[in-house]
Amino acid sequence: MTMPSDPALPDDLSRMLLAAQKGDQSAWEVLFRECYPKVRRVVRRKLDRSMRSLYDSTDFASDVMKSLAANLNQLTFVSVESLFKFLAQVAEQKVIDEHRRQHTLKRDVTRERRFSADDREGGPAHLPSGGPTASQQAQANEVQERLLDRQDEIERTVIDLKHQGYSTADIADKTGWNIRKVQRFLKDLHDSLHDSGG
């Protein structure tokens with residue numbers, strides 16, 4: 001890590017470092033302004049091509065400086081140069097840790113896709129819905145229609161209410177059936193559907 005060209009600056013920064021460790025906010029701001037660009041340059045050098053598309057060097061640099069601020073009064077540096085070296089090592093380690101995290105089998109960076117409309121792979125990625133597909137919904141509607149055609153009016157009401165998400169107790173209240181009869185009817189219906197492959 002190169003030292004600043006002004007020979008008086010290291011002494012000033014050493015004083016700022018000591019003052020910042022004692023809680024002086026203005027000293028911390030001077031220290032931050034001097035260290036942040038250096039940390040950012042280290043991060044830029046360490047980010048490989050696949051990670052540059054996912055991360056900005058400012059994210060890592062800010063994280064390093066946040067860690068320094070949180071632990072500044074517990075750290076001891078023999079010189080400003082040792083502070084710069086320490087920050088460079090922390091920045092490099094953060095990039096390495098994130099690179100490893102991205103390349104584990106569970107979160108392989110090659111499986112990630114951009115969401116921009118100008119994506120060269122043919123447009124934006126579509127997130128799968130947690131609900132049924134259009135085909136599954138059409139099949140369910142068809143089965144429900146077949147069931148409703150075969151039943152009397154109260155049974156159709158029970159099927160319709162169940163399809164709408166009503167509980168067994170609510171269905172019993174609305175149809176006048178007792179809960180056991182509703183449960184038995186729905187179980188028989190389920191079994192007959194399962195046996196017929198519907």
³J(HN,Hα), Karplus 6.51/-1.76/1.60, whole Hz, each residue of region 156-169, x for Gly, Pro: 4, 5, 4, 5, 5, 5, 5, 5, 7, x, 5, 6, 4, 5
Mean Cβ neighbour count within 10 Å, used as a protection proxy, ranking 162-173, 26-37, 132-143, 70-81 highest first: 26-37, 162-173, 70-81, 132-143
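Using 0.36 nm per residue, how much length does the chain from ASN71 to ILE96 gain when fully extended, once their Cα-Cα distance is taken away?
Working: separation 25, 0.36 × 25 = 9.00 nm, distance 2.10 nm.
6.9 nm is the gain from fully extending ASN71 to ILE96.
Is there a quick way to get the dipole size of region 8-110? I mean about its Cα centre, with the Cβ of Lys and Arg at +1 and of Asp and Glu at -1; what is the value in debye to the nearest 20? The partial results should precede the final answer.
Values: 18 positive and 14 negative charges, 88 e Å.
It works out to roughly 420 debye.
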Separation of the SER50 and THR104 label points, Cα + 7 Å toward Cβ, nm: 1.5
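The numbers here are math on the coordinates, done by the rules we state, and not lab data. These numbers come from a predicted model, not from an experiment. Don't worry about glycine lacking a Cβ; one is built from the backbone with ideal geometry, like all the others, and counts go over all protein chains shown.
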